[in-house]
1. Kindly indicate whether residue 221 is under 20 Å from the mean Cα position of the chain (by Cα) and over 30 Å from residue 258 (Cβ atoms).
2. Being out of contact with any strand residue (DSSP E or B) (no Cβ under 8 Å at 6 or more places or on another chain), modelled with pLDDT under 85, surrounded by 15 or more Cβ atoms within 10 Å (Cβ to Cβ) and over 26 Å from residue 44 (Cα atoms) narrows it down to one residue among 146, 193, 211; which is it?
3. Taking the stretch 13-28, which residues are surrounded by fewer than 16 Cβ atoms within 10 Å (Cβ to Cβ) and either outside the structural domain of residue 45 (by TED's automatic domain parsing) or touching a helix residue (DSSP H, G or I) at 6+ places or on another chain (Cβ under 7 Å) (or both)?
4. Does residue 50 qualify as being buried (at least 16 other Cβ atoms within 10 Å of the Cβ), at pLDDT 90 or above and part of a helix (DSSP H, G or I)?
5. Kindly indicate which of 171, 151, 211 is under 17 Å from residue 68 (Cα atoms) and assigned by TED's automatic domain parsing to the domain that holds residue 85.
6. Confirm whether residue 138 is more than 15 Å from residue 206 (Cα to Cα), touching a helix residue (DSSP H, G or I) at 6+ places or on another chain (Cβ under 8 Å) and in contact (Cβ under 8 Å) with a residue 12 or more places away in the chain.
7. Being assigned to a helix (DSSP H, G or I) and either crowded, with 17+ Cβ neighbours inside 10 Å or touching a strand residue (DSSP E or B) at 6+ places or on another chain (Cβ under 8 Å) (or both) is the requirement here; does residue 9 meet it?
8. Examine the stretch 335-347 for a residue that is closer than 23 Å to residue 239 by Cβ, surrounded by fewer than 19 Cβ atoms within 10 Å (Cβ to Cβ) and at pLDDT below 90, and state whether such a residue exists.
């Protein structure tokens with residue numbers, strides 16, 4: 001008696017455990033419609049489909065055909081989850097087309113003498129096509145950020161896809177009376193089942209890595225974001241400035257810093273309450289973001305003070321942008337709010353980022369001393 005059904009059951013149980021883990025992750029994060037929910041359903045369908053191969057159903061029976069379709073649907077869901085992780089919105093037409101072709105192939109194969117081989121080839125090709133699509137997705141989207149991860153995962157998926165294509169070719173060339181499905185003895189089924197188990201573990205590790213990277217990125221963004229205004233916080237700005245300053249030194253480009261203070265903010269709080277003061281800060285932050293260019297950075301420096309970083313910008317352009325921001329904020333808030341702005345251009349050869357901020361802050365102080373609601377440019381620094 002073959003031990004093949006027992007091996008299939010063990011693989012199915014392993015995949016079911018994966019599904020429980022992803023179901024817990026989807027439940028805790030509330031992301032059932034996102035990658036986590038797709039991965040949970042993928043492992044559940046794959047486990048259930050494999051488990052239908054454990055009882056000795058005859059070839060071509062409804063449970064076996066259902067198992068084939070469940071396995072194909074599972075791999076398609078896995079690809080869709082990967083796509084969602086990378087913020088893509090894949091069309092469902094492609095997945096539905098694969099399932100429709102697989103179902104049609106099953107129906108047409110039932111009266112054929114070689115129907116069993118056709119059905120085996122059908123599930124192998126259906127799964128392999130989705131795996132190849134996943135290889136392309138991982139390689140194209142994952143390689144820039146994590147080349148080693150992308151190479152390992154794409155390589156593992158490609159090996160399984162190649163084995164499945166080879167299996168499909170074998171299925172349509174053997175004698176019609178030969179049973180070649182995964183539960184049949186011989187035909188390299190045991191090594192193939194072990195390969196499926198190994199690649200399945202690799203797929204799960206890849207999914208875990210993707211989910212963890214999303215969580216880490218989310219936590220990093222939260223650690224660098226001001227909770228009230230949604231602007232970058234002081235810690236995030238410091239890290240951003242260090243990186244920008246190093247790049248500016250290498251390329252020889254200047255950058256400009258604007259220090260912005262909401263005028264008479266204490267009076268706003270006293271007259272309208274702190275809740276309205278918070279709304280004013282949010283509207284000012286939104287106005288700054290709306291008035292900036294792609295690549296510019298807005299951060300909340302503290303209290304009612306904001307800092308804007310303008311990469312690759314000269315002083316004249318920065319002053320013009322500061323004047324435009326000042327007018328835009330004054331016109332877009334109720335109660336009417338004005339801001340004072342200090343402007344300082346970097347001298348990357350001799351100054352540190354904190355020196356540029358200090359000069360912009362001094363210019364801001366002069367703007368407030370001169371009556372507020374104005375832009376003041378810091379005096380130029382002559383390079384040593």
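The values are calculated or read from the model by the stated rules, or taken from the named source; none is laboratory data. Since the model is a prediction, treat every value here as computed from it, not as a measurement. With ideal geometry, Cβ positions are generated from the backbone for all residues, glycine too; neighbour counts draw on all protein chains shown.
1. Judged against the criteria, residue 221 is not a match.
2. The conditions single out 146.
3. None; the set is empty.
4. Numbers: buried (at least 16 other Cβ atoms within 10 Å of the Cβ): yes; at pLDDT 90 or above: yes; part of a helix (DSSP H, G or I): yes.
The answer is yes for residue 50.
5. The conditions single out 171.
6. On the way: more than 15 Å from residue 206 (Cα to Cα): no; touching a helix residue (DSSP H, G or I) at 6+ places or on another chain (Cβ under 8 Å): yes; in contact (Cβ under 8 Å) with a residue 12 or more places away in the chain: yes.
For residue 138, the condition - more than 15 Å from residue 206 (Cα to Cα), touching a helix residue (DSSP H, G or I) at 6+ places or on another chain (Cβ under 8 Å) and in contact (Cβ under 8 Å) with a residue 12 or more places away in the chain - is not met.
7. Answer is no for this residue.
8. Within the stretch 335-347, one or more residues are closer than 23 Å to residue 239 by Cβ, surrounded by fewer than 19 Cβ atoms within 10 Å (Cβ to Cβ) and at pLDDT below 90.
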